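Report on one structure; see the data block that follows.
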Amino acid sequence: MVTSRNLRTPLGDEVLDLRAGEQVTLSGIVYTARDEAHERMMKDGIPFDPRGAAVYHCGPVISGSSVLAAGPTTSARMNALTGFLLDAGVRALVGKGGMSPAVAGMMRGRAVYLACTGGCAVLAASRMTLRGVFFEDLGMAEAIWAIELDHLPLVVGIDSCGRDIFSEVGERAKLQFTGQFST
Amino acid sequence: MMPLPGEERLFAAVSEATCRALREAEIALPGDVLAAIRKAADLETETVARNELANILENIVLAGDRGLPLCQDTGVPVVYVSLPSSVPFTQTLYDGIADGVRTATREIPLRPNVVSPLDRKNSGDNTGPGMPAIHVRPGKSFTITVLPKGAGAENMSRSAMLLPTEREKIPRFVAETMLQAGGRPCPPVVLGVGIGGTFDSVAALAKEALLEPITTMDPFEQRLCNAVNSLGIGPMGLGGKTTALAVKVKMAACHTASLPVAVNVQCWAARRATVEVRW
């Protein structure tokens with residue numbers, strides 16, 4: 001196996017060196033946020049220091065002070081809700097399934113999208129320690145949980161140069177589809 | 001919730017069986033699904049895709065070892081009951097299943113996923129009006145089958161009312177569903193395809209197709225599966241050979257002027273379990 005680059009939050013310009021397709025690990029604090037947390041942050045402000053932060057698209061299963069299961073949720077739902085986080089200094093978005101070309105455009109020169117294997121909730125939780133919570137009234141799935149990561153395995157899905165594995169795969173799929181089903 | 005007088009024992013037995021089925025489904029994948037994922041991992045040659053499948057297989061082992069749900073999206077409870085004539089078909093059956101879901105939510109634990117649709121208020125216990133979704137059929141044995149359904153894949157599902165002359169468009173519709181979905185439903189997926197019936201029943205057929213073992217596919221199912229895999233979407237949409245582990249089809253008769261088709265998308269965590277009700 002290829003050696004992974006080990007990243008730690010807060011992130012800086014090292015994210016600019018990452019290239020789509022590269023395996024990395026992420027350590028340090030990340031903040032979970034799904035649809036409702038994004039809406040709340042746009043209304044009431046970001047409750048953590050966004051500079052160099054990593055936002056994890058995830059609604060975990062928490063029991064007491066433990067993270068039991070915490071795989072990624074579908075990032076595309078946050079496509080239209082992400083710009084303010086990047087403007088505030090967030091350097092990495094972690095999730096599954098990729099994001100829109102508009103988000104990839106906004107990440108150029110400043111941030112990356114890191115893909116986490118969907119459904120691998122116990123694998124992810126085995127690298128996590130719960131550190132805090134914001135907006136707990138939104139409920140377990142939608143609250144912002146501050147979680148410390150210990151080498152979570154990820155792959156760079158969209159790099160800061162705008163290269164996007166998901167859209168490349170999607171373009172190839174579209175060509176295949178048209179070739180097969182053109183009428 | 002209190003059981004009907006005289007049906008306390010039935011209520012308790014149904015509740016216990018529902019909870020037991022959920023525990024089994026949420027923590028361990030059925031053998032046929034696990035075998036299909038292992039086979040996909042053996043076939044894959046690209047590094048990124050191989051790593052994704054290796055993570056999935058490691059996650060399956062860890063969930064089993066720790067007795068924890070495979071995925072944090074523990075789904076909404078979809079329940080199928082086989083009911084012999086000796087068991088009374090009353091509200092107790094529905095109430096017992098809901099009670100089992102509440103217990104499972106507390107004890108496994110499951111993430112509370114069920115909200116009211118417009119104000120998005122969470123019930124906190126994975127039940128609500130019309131939820132769990134319960135389907136009852138007559139049968140020889142008294143069994144409860146659960147199919148916890150996560151939203152990432154469910155949201156990518158589609159149905160269409162095709163014209164009777166558009167039978168050849170079915171493979172296109174199935175492949176197009178995954179083309180639009182890309183990596184969002186956590187591929188490699190299992191696709192349940194319903195064909196025929198009515199506007200409402202075709203979606204139910206598609207979901208029931210997901211109850212079928214994926215060990216074998218008939219030639220039509222294999223053709224649909226090949227069409228999907230030729231897209232190269234791969235594990236998590238990062239590219240690769242296996243986009244669908246299997247496609248399963250269920251059909252019903254339909255109106256001579258209709259051709260309803262539905263595709264229910266299921267992520268790689270194709271969770272299902274059947275248990276006998278002990279009573």
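Residue B:138 meets each of the listed conditions (1) away from every other protein chain (no Cβ under 14 Å); (2) crowded, with 24+ Cβ neighbours inside 10 Å apart from (2).
Filter region A:142-161 down to residues that are touching a strand residue (DSSP E or B) at 6+ places or on another chain (Cβ under 8 Å) and within 27 Å of residue A:66 (Cβ to Cβ), then give me how many there are. Summing the residues that are touching a strand residue (DSSP E or B) at 6+ places or on another chain (Cβ under 8 Å) and within 27 Å of residue A:66 (Cβ to Cβ) in region A:142-161 gives 13.
Consider region B:34-80 and keep the residues that are of a type outside the set (Asp, Glu), more than 9 Å from every other protein chain (Cβ to nearest Cβ) and outside any helix (DSSP H, G or I). The one that is surrounded by the fewest Cβ atoms within 10 Å (Cβ to Cβ) is B:45.
Among the residues of region A:100-115, those that are crowded, with 22+ Cβ neighbours inside 10 Å and free of Cβ contacts under 8 Å to residues at least 60 places away in the same chain comprise A:103, A:107, A:113, A:115.
Every residue, every condition in (1) at pLDDT 95 or above; (2) over 21 Å from the mean Cα position of the chain (by Cα); (3) part of a helix (DSSP H, G or I), yes or no:
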| site | (1), (2), (3) |
| --- | --- |
| B:82 | yes, no, no |
| B:85 | yes, yes, no |
| B:103 | yes, no, yes |
| B:156 | yes, no, no |
| B:160 | yes, no, no |
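In a residue-by-residue description of region A:22-34, the property of being under 30 Å from residue B:154 (Cα atoms), in contact with a helix residue (DSSP H, G or I) (Cβ under 7 Å, 6 or more places away or on another chain), charged (D, E, K, R) and surrounded by 14 or more Cβ atoms within 10 Å (Cβ to Cβ) applies to no position. Is one or more of the residues making up region A:12-23 within 14 Å of another protein chain (Cβ to nearest Cβ), under 13 Å from the mean Cα position of the chain (by Cα) and polar (S, T, N, Q)? There is no residue in region A:12-23 that is within 14 Å of another protein chain (Cβ to nearest Cβ), under 13 Å from the mean Cα position of the chain (by Cα) and polar (S, T, N, Q). If you go through region B:147-170 and keep only what is out of contact with any Cys (no Cβ under 7 Å at 6 or more places or on another chain) and within 27 Å of residue A:118 (Cβ to Cβ), you end up with B:147, B:148, B:149, B:151, B:154, B:155, B:156, B:157, B:158, B:159, B:160.
Matching residues to (1) within 27 Å of residue B:63 (Cβ to Cβ); (2) in contact with a Phe, Trp or Tyr (Cβ under 6 Å, 6 or more places away or on another chain); (3) assigned by TED's automatic domain parsing to the domain that holds residue B:195; (4) in contact (Cβ under 8 Å) with a residue 40 or more places away in the chain:
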{"position": "B:108", "(1), (2), (3), (4)": "yes, no, no, yes"}
{"position": "B:137", "(1), (2), (3), (4)": "no, no, no, yes"}
{"position": "B:156", "(1), (2), (3), (4)": "yes, no, yes, yes"}
{"position": "B:159", "(1), (2), (3), (4)": "no, no, yes, yes"}
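Residue pairs whose Cβ atoms lie under 8 Å apart, separated by 6 or more positions or on different chains, with the first residue in region B:117-130 and modelled with pLDDT of 95 or more and the second part of a strand (DSSP E or B) and surrounded by 15 or more Cβ atoms within 10 Å (Cβ to Cβ), are B:123/B:115; B:126/B:76; B:128/B:115. Looking only at residues of region B:146-155 that are of a type in the set (A, V, I, L, M) and closer than 10 Å to residue B:267 by Cα, we find that the one that is surrounded by the most Cβ atoms within 10 Å (Cβ to Cβ) is B:153. Where strands (runs of 3 or more DSSP E) fall entirely within region B:185-279, those with at least 2 residues that are at positive phi and modelled with pLDDT of 95 or more are at B:189-197.
The values are calculated or read from the model by the stated rules, or taken from the named source; none is laboratory data. In this text the structure is predicted, and so the values were computed from the model without any measurement. Reconstructed Cβ throughout: ideal geometry from the backbone, glycine too, with neighbour counts over all protein chains shown.
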